[in-house]
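Undergrad: Dumping the structure here so I can ask a few things about it.
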Amino acid sequence: MADTVATYPRIVAVVETPTGGTVSIDGRTTPVAGPDEQGVRKEIHALVTATAMELHRPVRLTTRDALGEQQFAVHPDGRMEPLSLLDETAAVPPTVPAAEEPAEAPPAPAAAAPAAPQPMTRAEARRPTLDDLLQSRPPAPLGPATMGWQGVVRRVTAGLVSPRPSEFELSHRSAIERVQRSLRGPRTVVVINPKGGAHKTTATLLIAATFGTHRGGSTLAWDNNETRGTLGWRAQPARHQNTAVDLLRDLDRFNDVRNAKVGDLDNYTRSQGSTQFDVLASDEDAAASSTIDARAFNELHATLSRFYRVIVVDTGNNMRASNWEAAVAAADQLVIVSTLREDTAASAAWLVDGLYEKGHEAKIREAVTVLASPTKVPDAQLHTRLHSHFNSLTRVVLDVPHDPALVDGGTLNFDALTAETREAWLQVTATVADGL
């Protein structure tokens, strides 16, 4: 990876205090601030990612903090890869590989004359291909600003004055590109926390809505509760009340690959309109005695994976239920959700301990933790403790704000959410997509 990271521009980030730091790009220093050290690092990451996006290639980042000096390759999609401080191959352009030299060249015999270089034959010369031609194209121009004061100025002046997009807008665009990236096949995201009221159903709906909005459909939110969950109640209603139990009963018709049609699923799932995703509800019959077990989950999952690119699974509160365990086993990406409360956070920590004991350490290390604020002003001390705990266990910890439109627990209206909430869940979904 190091040989793809150019020396220009020179980027140095310094975390000076728990709430502040600087980013220097080619000698131009920009102060950054955040509510805590993690917030400062997020701001630094956003600035450097925006630079990589503008240049359409990875850049080298040098960080200095209490841990010392480190170097990373930062990609246009936000990914970071550690680089050795002694690695000088980063200065080599990607089209000129660094030559390997032996530790000590043996002396040439005194009487031996240097061999004349042999001309390269036509067959040995590398023939340039279409890929070479396409890769030599200049990067696409950066689109005009559409957000913030920069977008206002461009619109008011009819484009005569067109400021560069803000760092926030560049981060927003990057997140959308990450959500829209092509996948290597159908992918399953599983949202977990064994405590009720931990924000699981809300997270499932908002992640699915963000995927659906920016990917153009083929996304399913599935309530994998062994008895009754609330995903169907929180979703936009459909003309029918069919659930996963009804689909399981009629599953054979969809396993006939010659006659099965995706449109036939409309009689079992609930379309969510402009957010372009579907919902598969759990059993809603209070008098029913049927349950979804591991076998039923696996059969449903195998069939649904033929019709949907992204499946976001809402789980129940019993991590010992066989269908719960089957969902975790099928997950390409785990999302651990908790509100900023002691009880829900303790439940999430207990969940992580249990998954480690069951052999899911690799999935936990790559998991995304989402902390939802239950109030406008969250407990700062608890926030710091939870970030510290889950940052040491999972790939990343992200915050989502309190939103009045989510308080009543009723039908989710994506358009009623604040811009801050939608942006936070876009960043969450982009981070989830990074793991797919």
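Where a number appears in this text, it was derived from the coordinates with a stated rule and is not lab data. On a predicted model such as this, the values are computed, not experimentally measured, just so you know. We place every Cβ from the backbone using ideal geometry, glycine too, and count neighbours over all the protein chains shown.
Undergrad: Full-extension gain between residue 156 and residue 375, please, as 0.36 nm times their residue separation minus the C-alpha to C-alpha distance.
TA: Gain in length upon complete extension: 75.1 nm.
Undergrad: When only C-alpha pairs under 8 Å and at least 6 residues apart count, what is the relative contact order of segment 2-87, in percent?
TA: Relative contact order, segment 2-87: 27 percent.
Undergrad: Scan around residue 398 for amide H atoms under 5 Å from its own, H built in the peptide plane at 1.01 Å from N, and keep only partners 5 or more places away or cross-chain.
TA: Amide H neighbours of residue 398: 369, 370, 371.
Undergrad: What's the ranking of 135-143, 253-261 by average number of surrounding C-beta atoms within 10 Å, highest first?
TA: Descending packing order for the listed peptides: 253-261, 135-143.
Undergrad: Calculate how many DSSP beta bridges within the chain are antiparallel, expressed in % of all such bridges and rounded to the nearest 5.
TA: Around 45 percent antiparallel, to the nearest 5.
Undergrad: Packing-wise, with mean Cβ within 10 Å as the measure, how do 326-337, 40-51 rank, highest first?
TA: Taking the mean over residues of other Cβ atoms within 10 Å, the ranking is 326-337, 40-51.
Undergrad: When the chain is fully extended, how far beyond the present Cα-Cα distance does residue 346 get from residue 249, taking 0.36 nm per residue of separation?
TA: 31.1 nm
Undergrad: How big is the C-alpha Rg of segment 2-87 next to the rule-of-thumb value 2.2 N^0.38 Å, as a ratio?
TA: For segment 2-87, the normalised Cα radius of gyration comes out at 1.00.
Undergrad: Evaluate the charge dipole of segment 2-87 about its Cα centre and quote only its size in Debye, nearest 20, assuming +1 on the Cβ of each Lys and Arg and -1 on the Cβ of each Asp and Glu.
TA: 160 debye
Undergrad: When only DSSP loop residues count, what GluC sites (Glu not before Pro) in segment 119-217 have their Cβ near at most 11 other Cβ atoms within 10 Å?
TA: Filter output for segment 119-217: 124.
Undergrad: Let me ask another. Can you run phi through the Karplus equation (6.51, -1.76, 1.60; θ = phi - 60°) for segment 261-269 and list ³J(HN,Hα) in whole Hz, with x for Gly and Pro?
TA: Rounded to whole hertz, the list is 10, 4, x, 5, 5, 4, 7, 10, 9.
Undergrad: Out of 412, 130, 307, whose Cα points farthest toward the positive end of the dipole of the chain (charges: +1 Lys, Arg; -1 Asp, Glu; placed on Cβ)?
TA: Positive-most Cα among the choices belongs to 130.
Undergrad: How high is the relative contact order of the chain, in percent, counting Cα pairs under 8 Å that sit 6 or more residues apart?
TA: Reported relative contact order: 14 percent.
Undergrad: Taking 8 Å as the Cα distance limit and 6 or more residues as the minimum spacing, I'd like the relative contact order of segment 184-434 as a percentage.
TA: Value for segment 184-434: 27 percent.
Undergrad: Still on this model: Go ahead and run the numbers for FRET between residue 298 and residue 356, Cβ-Cβ distance against an R0 of 25 Å, rounding to 0.05.
TA: 0.60
Undergrad: Here's another thing I want to ask about it. Suppose we keep just the DSSP beta bridges with both residues in segment 184-434; what percent of those would be antiparallel, to 5?
TA: Restricted to segment 184-434, the bridges split so that about 5 percent are antiparallel.
Undergrad: So, one more: How large is the Kirkwood hydrodynamic radius of the chain, counting all unique pairs of alpha carbons, in Å?
TA: About 24.6 Å, per the Kirkwood formula over Cα pairs.
Undergrad: On the first, second and third principal axes, largest extent first, how far apart are the outermost C-alpha atoms of segment 184-434 in Å?
TA: Here the spans come out as 56, 41, 41 Å, largest first.
Undergrad: Among 180, 61, 426, whose Cα sits farthest toward the positive end of the charge dipole of the chain (+1 at Cβ of Lys/Arg, -1 at Cβ of Asp/Glu, about the Cα centre)?
TA: 180
Undergrad: While we're looking at this one, here's another question. How would you order 22-29, 145-152 from highest to lowest mean count of nearby Cβ atoms within 10 Å?
TA: By packing density, highest mean first, the sequence is 145-152, 22-29.
Undergrad: Based on the Cβ-Cβ distance from residue 164 to residue 131, what FRET efficiency comes out when R0 is 35 Å, to the nearest 0.05?
TA: 0.65
Undergrad: In terms of modelled amide H atoms, which long-range or inter-chain residues lie less than 5 Å from the amide H of residue 30?
TA: Under 5 Å from the amide H of residue 30 lie the amide H atoms of 23, 24, 25, each far enough along the sequence or on another chain.
Undergrad: Okay, helix-only estimate at 222 nm for the chain: each DSSP H run of n ≥ 4 adds -39500 (n - 2.57), divide by all residues, round to 500 deg cm²/dmol; what do you get?
TA: -10000 deg cm²/dmol
Undergrad: Now a separate question. Could you compute the FRET efficiency for residue 30 and residue 391, with r as their C-beta to C-beta distance and R0 at 22 Å, rounded to 0.05?
TA: Calculated value: 0.35.
Undergrad: Here is the link list: 261/363; 42/363; 200/376. Which ones come out longer than 30 Å on Cα distance?
TA: From the list (261/363; 42/363; 200/376), the Cα-Cα distance tops 30 Å for 261/363.
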